[in-house]
Amino acid sequence: MIREVQATDLHIIDFSVVEEVIQVRIRLCREGSISRSAEAPGGGMHPALYEILHITSGKVRFRWMSNVCEAEAPAVFIMSVSTPHLLESLRAEAKFRFIELAEWDRFTFTDKQIDRWNFMQTRKDIYSGALAAAIIQSLDFVHHLQSTGVADQSQTLEEVCLLEIQKTYKLIEHILNDSGKAGGGQYKPKPSEMADLLIEYMDAHYKEDITLHRLADVVRLNPSYLVRMFKKQTNTTPFDYLRDLRLKAAIRYLSVTNLPISSIVEEAGFKSVHYFSRTFKQEYGQSPAEWRKRFRKTGAIDNM
């Protein structure tokens, strides 16, 4: 029997709505890599452009505005227009893809939402769920259509790319809203994750002048709470850890190089020769020069 189908029986797609949704243009879709030995971080600032940065392999430190976080691939960072940003590799090499979007007057994310999403990339399990995994799938699909040139040859496929990007942002919006309901607001890493992040940061920057406020900026914590949290997780304070890290670096320089003590002080991150020598003797019972002399006679590293 043939039945007349009423409009209410079907989900009708209004293509005028689709056309309205995709009022945005892909300016650039590229991929690249950055090495840990790079002289300067990658990044910059793009006036009038929105950006999606997809980390496909490695581990990175990403800075945007006054924020910083570290994340392992896969990770997806989003940026609004004119956002200064820098990318560093924390391993031998990190690979990434990026999409620059122009002429978009319907971007609805606030700076607070962008920050929340970007900080969520520190979570190692963020893409284990189906919805977040769909974000990666969409970006992979867009990259394939753009990098092979197929999208340039078909207006329909170009629109498919834009719809996939719109889908990506909608999924991000949903995940943010859902995490807000479940967790009462911005995602907060576990204390153990924050301690690990601080350790990784000090391991990478021990030569620099690291202050408590600088560490607090890394994990966005109150400085006094940071010290208590770190000690609870590691049984030591951040600056005791940093001192031991610098002493170990100094031991390495003393044992395998002929650098003068003054140069080792600088390479290991100590502020002065006097402070270094006093700290070294308190820890090892000998001055740096005496330790080096004894090591060259015996070849043994002890008291560590």
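The values are calculated or read from the model by the stated rules, or taken from the named source; none is laboratory data. Since we're looking at a predicted model, the values are computed, not measured. Please note: Cβ atoms are built from the backbone with ideal geometry, for glycine as well, and neighbour counts cover all protein chains shown.
If you scan segment 86-119, which residues turn out to be surrounded by 13 or more Cβ atoms within 10 Å (Cβ to Cβ) and either in contact with a Pro (Cβ under 9 Å, 6 or more places away or on another chain) or of a type in the set (S, T, Y) (or both)? Those that are surrounded by 13 or more Cβ atoms within 10 Å (Cβ to Cβ) and either in contact with a Pro (Cβ under 9 Å, 6 or more places away or on another chain) or of a type in the set (S, T, Y) (or both): L86, L87, E88, S89, F119. Yes or no: R61 within 25 Å of A134 (Cα to Cα) and either touching a strand residue (DSSP E or B) at 6+ places or on another chain (Cβ under 6 Å) or free of Cβ contacts under 8 Å to residues at least 40 places away in the same chain (or both)? Judged against the criteria, R61 is a match.
Within segment 176-190, which residues are out of contact with any Phe, Trp or Tyr (no Cβ under 8 Å at 6 or more places or on another chain), closer than 14 Å to K112 by Cβ and either modelled with pLDDT of 90 or more or assigned to a helix (DSSP H, G or I) (or both)? Scanning segment 176-190 gives N177, G180.
Annotation for segment 127-135: at least one member residue is assigned to a helix (DSSP H, G or I), among the polar types (S, T, N, Q) and more than 24 Å from S33 (Cα to Cα).
Here V76 fulfils each of the conditions (1) of a type outside the set (D, E); (2) modelled with pLDDT under 85; (3) in a strand (DSSP E or B) apart from (2).
Results for (1) without any contact (Cβ under 8 Å) to a residue 24 or more places away in the chain; (2) more than 22 Å from A48 (Cα to Cα); (3) part of a helix (DSSP H, G or I), shown as yes or no for each residue.
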position: D105; (1), (2), (3): no, no, no
position: W117; (1), (2), (3): no, no, yes
position: T122; (1), (2), (3): no, yes, no
position: L139; (1), (2), (3): no, no, yes
position: K170; (1), (2), (3): yes, no, yes
position: H174; (1), (2), (3): no, yes, yes
position: S192; (1), (2), (3): no, yes, yes
position: L198; (1), (2), (3): no, yes, yes
